[in-house]
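Coordinate-derived values only; no laboratory data. Keep in mind that this is a model prediction, so the values were computed, not measured. As a convention, Cβ positions derive from the backbone with ideal geometry for all residues, glycine included, and neighbour counts pool all protein chains shown.
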Amino acid sequence: MALNMRQRARLSRGIQYAIFAIIVIVLIVVVDWKTFVDAFLNPKVIAEQFPGVLTIALKNTIIYTALGFVLALAMGIVLALMKISSVGPYRWIATGYIEFFRGVPALIVFIAFGLGIPTAFGFSLNTYLTVMLSLGIVESAYIAETLRAGLQAVPRGQYEAARSLGMTHTRAMISIIIPQAFRIILPPLTNEIIMMTKDSSLIFLVGLSAKQYELALFGQNGITEPSAGLTPLVVSGACYLVITLPLGWLARRFEARTAKMRK
Amino acid sequence: MADSTPRRRTAGAPDLHAEDIHAEDVTITDLHKSYGDVEVLKGIDLTVAPGEVVCLIGPSGSGKSTLLRCINVLEKANAGTIEVAGYTATDPDTDLDVMRRHVGMVFQHFNLFPQLTALENCSIAQRRVLGRETGEANRISQDRLDMVGLGELADRYPDQLSGGQQQRVAIARALAMEPALMLFDEPTSALDPETVGDVLRVMRELAQAGMTMIVVTHEMAFASEVADKVVFMDGGVVVEQGPPSEVIRNPQHQRTQTFLSRVLHPGGL
Ligand SMILES: Nc1ncnc2c1ncn2[C@@H]1O[C@H](COP(=O)(O)OP(=O)(O)OP(=O)(O)O)[C@@H](O)[C@H]1O
Ligand SMILES: [Mg+2]
């Protein structure tokens, strides 16, 4: 057939739309919509989730994430400084730490703090401390790498220009390098908060009291109700999106701004 | 005005206040610098009198940048002494941060701080290093930006300026610290041809106002006209130095002649 490029592209697109339409039609006909809504989006069950899903679950997810983030950021800064230190042993320790905790599942660390330490040493940590330590220790490895990469992405000439103007090393870092690194770091750091928001659910391992439920466990508890179906999980999933989608949007905004700055 | 009387410090540079410049000298003795096993500077001797303009020329890799960077100790020399504006740069007891306040440096790629406006670029070190009040620092910055012809663009960010404008801001930034000496490392090499002239004009005015300047450059017309002394380097040594009338117009060494014929007649034989 003698189709030129544009005709061929249009034909291909037409076929794709046709396939899509067929799939939609088949779904509408085949699926039992009443069962579907009852299972996933039952309005009565949705109503039952409130206000607990917000006042307990969402609130706790945010608290756990924030606790972990504070520790992760503090440790990440120290690790990043160790990683770029001129003292060999600091670099080795930081490298070992970062590679280890980026390489093992976060679940392992939660098991260690939530179950391992209480069993081994005969005392259990407070829930908030457990989540802060587990999440903070794992995420500090990612954050350290992000910070280090950000600092090293600032061109060397910036540091040299600052020093040439008589700034001390510390002054050059504070006034010139860190503000520029911050812009570079902001998008990946935002993405790491998204990761932490999701990973905070791993605290379920420790066995939480009802007041300590975060989103995932709240959802899980919801579906134990025989008639509830999957709707409680859908609601708690949606609550995660309430946090993660705006953060993701923010990260992309930061990224676009940084890209524009650096042309 | 191309030759004969290279001494300046005459009136006639109204924009760059000659009375504000307290030019100082540089004395380099038997300077050696290696990177690993490779010796890049092999015993450099160079004196620059207060108010003198020295142009460093030479082929790529001859060590011009390294020499310049040793003077304000962005690179540490391995042996030899460097006296700069009354400080011994090669003495480990010298407070280099204090010394560098008196040594302005202009880079090939400007190295302006992208998160700061032109004015803030000029003010930040005055405030953070010299401890000047913001008002005073900004006044001096505005004055220096006026000098380089960019007073109107003080609120622009570097990425809103042309290369030539950025380089003039970089010069203003260095001048705002009231240096006794200015180092330029190929300040026009990264510029579009049409903006080179503006930067060279500022440098010429600065020379006329009596600033001590060491300039690495491939602009032979500028060197001929403005330099008191031209230093030709090759392979980490000073091959030949003297007034431009000798080194550029009547070079004695084969290597200088070869280099100059390549620079002055690119593509020719
Ligand atoms: N940081 C460094 N590490 C190792 N070698 C270096 C370093 N900096 C410069 N060199 C080497 O030192 C020599 C002199 O370099 P330098 O930059 O001083 O030359 P230059 O005369 O300024 O050349 P150009 O005209 O290309 O700028 C070169 O051979 C270069 O490869
Ligand atoms: Mg160079």
Filter result for the condition that a residue is of a type outside the set (A, V, I, L, M, F, W, C), closer than 12 Å to residue B:58 by Cα and in contact with a strand residue (DSSP E or B) (Cβ under 8 Å, 6 or more places away or on another chain), over B:212, B:217, B:258: B:217
Neighbours by Cβ (under 6 Å, 6+ apart or cross-chain): first from region B:208-234, of a type in the set (Ser, Thr, Tyr); second in a strand (DSSP E or B) and within 16 Å of ligand 2 (Cβ to nearest atom): B:217/B:55
Qualifying residue in region A:152-165 (condition: of a type in the set (Asp, Glu) and without any contact (Cβ under 8 Å) to a residue 40 or more places away in the chain): yes
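Just to be sure before I move on: is residue B:40 within 14 Å of chain A (Cβ to nearest Cβ), over 14 Å from residue B:215 (Cα atoms) and either more than 8 Å from ligand 1 (Cβ to nearest atom) or touching a helix residue (DSSP H, G or I) at 6+ places or on another chain (Cβ under 9 Å) (or both) in the structure I sent? Before the answer, list the steps.
On the way: within 14 Å of chain A (Cβ to nearest Cβ): no; over 14 Å from residue B:215 (Cα atoms): yes; either more than 8 Å from ligand 1 (Cβ to nearest atom) or touching a helix residue (DSSP H, G or I) at 6+ places or on another chain (Cβ under 9 Å) (or both): yes.
Against the criterion (within 14 Å of chain A (Cβ to nearest Cβ), over 14 Å from residue B:215 (Cα atoms) and either more than 8 Å from ligand 1 (Cβ to nearest atom) or touching a helix residue (DSSP H, G or I) at 6+ places or on another chain (Cβ under 9 Å) (or both)), residue B:40 does not qualify.
Considering only region B:100-123, state which residues are facing another protein chain (nearest Cβ under 8 Å) and more than 21 Å from the chain's Cα centre (by Cα).
Within region B:100-123, the first condition is being facing another protein chain (nearest Cβ under 8 Å), and the residues that meet it are B:100-101, B:103-105, B:107, B:109, B:111-115.
Once the filter is applied, which keeps residues that are facing another protein chain (nearest Cβ under 8 Å) and more than 21 Å from the chain's Cα centre (by Cα), region B:100-123 yields B:114, B:115.
Could you tell me which residue of region B:149-164 is farthest from ligand 1 (Cβ to nearest atom), considering only residues that are assigned to a loop (DSSP other than H, G, I, E, B) and either buried (at least 18 other Cβ atoms within 10 Å of the Cβ) or not polar (S, T, N, Q) (or both)?
Here is the first cut: in region B:149-164, the ones assigned to a loop (DSSP other than H, G, I, E, B) are B:149-150, B:154-157, B:161-162.
Subset that is either buried (at least 18 other Cβ atoms within 10 Å of the Cβ) or not polar (S, T, N, Q) (or both): B:149-150, B:154-157, B:161.
Working: B:149: 27, B:150: 27, B:154: 31, B:155: 33, B:156: 29, B:157: 28, B:161: 24 Å.
Residue satisfying both the conditions and the ranking: B:155.
Wholly within region B:165-269, which strands (runs of 3 or more DSSP E) include no fewer than the required count, namely at least 2 residues that are under 14 Å from the mean Cα position of the chain (by Cα)?
On the way: elements: B:181-185, B:213-216, B:229-234, B:237-242.
It comes to B:181-185, B:213-216, B:229-234.
Considering region A:217-230 alone, what residues qualify as being of a type in the set (A, V, I, L, M), in contact (Cβ under 8 Å) with a residue 40 or more places away in the chain and over 12 Å from residue A:56 (Cβ atoms)? Before you say what the answer is, go through the steps one by one.
Looking only at region A:217-230, we keep the residues that are of a type in the set (A, V, I, L, M), and these are A:217, A:223, A:228, A:230.
Of the ones still in play, those that are also in contact (Cβ under 8 Å) with a residue 40 or more places away in the chain are A:217, A:228, A:230.
Correct list: A:228, A:230.
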Test set (1) buried (at least 24 other Cβ atoms within 10 Å of the Cβ); (2) within 14 Å of another protein chain (Cβ to nearest Cβ) - residue B:185 fails condition number: (1)
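Output the residue which, of all residues in region B:25-37 that are charged (D, E, K, R) and surrounded by fewer than 20 Cβ atoms within 10 Å (Cβ to Cβ), is nearest to ligand 1 (Cβ to nearest atom).
First, pick out the residues of region B:25-37 that are charged (D, E, K, R): B:25, B:30, B:33, B:37.
Right, trim to surrounded by fewer than 20 Cβ atoms within 10 Å (Cβ to Cβ) and you get B:25, B:30, B:37.
Details: B:25: 23, B:30: 18, B:37: 10 Å.
Among residues in region B:25-37 that are charged (D, E, K, R) and surrounded by fewer than 20 Cβ atoms within 10 Å (Cβ to Cβ), the one nearest to ligand 1 (Cβ to nearest atom) is B:37.
Restricting attention to region A:65-84, does a residue exist that is polar (S, T, N, Q) and within 18 Å of residue A:200 (Cα to Cα)? Explain how you work it out, then say what you get.
Taking region A:65-84 first, the residues polar (S, T, N, Q) are A:65.
Next cut, within 18 Å of residue A:200 (Cα to Cα) only: A:65.
There is at least one residue in region A:65-84 that is polar (S, T, N, Q) and within 18 Å of residue A:200 (Cα to Cα).
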Helices (runs of 4 or more DSSP H) fully within region A:166-263 counting 3 or more residues that are buried (at least 20 other Cβ atoms within 10 Å of the Cβ) and not small (Gly, Ala, Ser): A:178-199, A:215-223, A:231-261
Residue in region B:176-185 that is of a type in the set (Gly, Ala, Ser) and more than 22 Å from residue B:161 (Cβ to Cβ) present: yes
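What number of residues within region A:176-229 satisfy the criterion of being within 14 Å of chain B (Cβ to nearest Cβ) and closer than 21 Å to residue A:245 by Cβ?
Initially, region A:176-229 is screened for residues within 14 Å of chain B (Cβ to nearest Cβ), giving A:176-186.
When the remaining residues are screened for being closer than 21 Å to residue A:245 by Cβ, the result is A:186.
The qualifying residues number 1.
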Residue under evaluation residue B:144, criteria (1) surrounded by fewer than 23 Cβ atoms within 10 Å (Cβ to Cβ); (2) away from ligand 1 (no atom under 16 Å from the Cβ); (3) within 14 Å of another protein chain (Cβ to nearest Cβ), criterion not met: (1)
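When you scan region A:147-155, do you find a residue that is within 11 Å of another protein chain (Cβ to nearest Cβ), surrounded by fewer than 19 Cβ atoms within 10 Å (Cβ to Cβ) and under 19 Å from residue B:128 (Cα atoms), even just one? Show your work before the answer.
Within region A:147-155, the subset within 11 Å of another protein chain (Cβ to nearest Cβ) is A:154-155.
This time we only want the ones that are surrounded by fewer than 19 Cβ atoms within 10 Å (Cβ to Cβ), so: A:155.
From what's left, under 19 Å from residue B:128 (Cα atoms): none.
Scanning region A:147-155 turns up no residue that is within 11 Å of another protein chain (Cβ to nearest Cβ), surrounded by fewer than 19 Cβ atoms within 10 Å (Cβ to Cβ) and under 19 Å from residue B:128 (Cα atoms).
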Strands (runs of 3 or more DSSP E) contained entirely in region B:25-134, each with at least 3 residues that are more than 16 Å from ligand 2 (Cβ to nearest atom): B:26-35, B:38-48, B:79-84
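Is one or more of the residues making up region A:133-145 of a type in the set (Asp, Glu) and over 30 Å from residue B:102 (Cβ atoms)? Talk me through it step by step, then tell me what you get.
Taking region A:133-145 and keeping what is of a type in the set (Asp, Glu), we get A:139, A:145.
Filter once more, keeping what is over 30 Å from residue B:102 (Cβ atoms): A:139, A:145.
Yes, that holds for at least one residue.
Can you pull out every residue in region B:47-99 that is within 14 Å of chain A (Cβ to nearest Cβ), within 16 Å of ligand 1 (Cβ to nearest atom) and not charged (D, E, K, R)?
Applying the first criterion (within 14 Å of chain A (Cβ to nearest Cβ)) to region B:47-99 yields B:65-66, B:68-76, B:84-85, B:87, B:89, B:94-99.
Those left that are additionally within 16 Å of ligand 1 (Cβ to nearest atom): B:65-66, B:68-76.
Answer for region B:47-99, where residues must be within 14 Å of chain A (Cβ to nearest Cβ), within 16 Å of ligand 1 (Cβ to nearest atom) and not charged (D, E, K, R): B:65, B:66, B:68, B:70, B:71, B:72, B:73, B:74.
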